[in-house]
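First the structure, in the form of structure tokens, and then the observations on it.
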Amino acid sequence: MAETFSRGDTQYWPIYTTTTTTDRTSPYDSPLRLLRSHSPTSSQLFGFLALFISGGILLFLLGVTVTAVGVGFVVFLPLIIISSPVWIPVFVVAGGFLSVAGFFVGTVALISWAYRYFRGRHPVGSDRMDYARSRIYDTASHVKDYAREYGGYFHGRAKDAAPGA
């Protein structure tokens with residue numbers, strides 16, 4: 001069953017009727033053929049099987065972990081309550097020490113980077129710093145040239161902002 005258009009193209013239309021002749025067979029004549037044409041490959045089936053097995057194992061481990069944490073919290077709660085006067089100062093001191101140590105390391109790293117940058121040794125990130133500096137310089141020189149040539153960005157705009165003025 002074909003139609004020929006004016007350009008010479010041939011258009012084939014699908015046949016949806018069931019016939020007994022061998023020259024006209026439909027791809028939809030049996031549901032089994034339809035299912036077979038859309039069935040996944042064996043590697044996809046093994047992939048889905050591996051996904052479901054590993055997901056089930058991880059879900060089981062999550063349940064075991066949550067249960068163990070809950071039971072451990074219930075078992076050790078009296079010990080935590082009794083020893084809380086010791087734990088609170090320990091956490092405050094440890095947190096303060098870690099904060100001070102972190103700020104010190106950050107300050108030393110910043111000073112070291114700035115020293116290497118100003119000595120011309122090109123530390124990591126200096127290309128971005130140079131690019132930002134050149135962009136700021138170019139923008140400032142553009143604004144300066146525009147202000148010289150046209151009398152400024154706001155020249156003649158005051159009346160537009162306040163028409164009654």
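Being touching a helix residue (DSSP H, G or I) at 6+ places or on another chain (Cβ under 8 Å) and hydrophobic (A, V, I, L, M, F, W, C) is the filter here, so list the residues in region 76-123 that pass it.
Those that are touching a helix residue (DSSP H, G or I) at 6+ places or on another chain (Cβ under 8 Å) and hydrophobic (A, V, I, L, M, F, W, C): I80, W87.
Can we say S141 is at pLDDT below 90, of a type in the set (G, A, S) and in contact with a Phe, Trp or Tyr (Cβ under 7 Å, 6 or more places away or on another chain)?
no
Looking only at region 92-144, count how many residues are over 33 Å from the mean Cα position of the chain (by Cα) and aromatic (F, W, Y).
4
Matching residues to (1) out of contact with any Pro (no Cβ under 7 Å at 6 or more places or on another chain); (2) surrounded by 10 or more Cβ atoms within 10 Å (Cβ to Cβ):
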position	(1), (2)
T67	yes, yes
F73	yes, yes
V86	yes, no
V90	yes, yes
G95	yes, yes
V100	yes, yes
V105	yes, yes
L110	yes, yes
W113	no, yes
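The values are calculated or read from the model by the stated rules, or taken from the named source; none is laboratory data. No experiment lies behind these values; they were computed from the predicted model shown. Methodologically, a virtual Cβ is constructed for each residue, glycine included, from the backbone with ideal geometry; neighbour enumeration extends over all protein chains shown.
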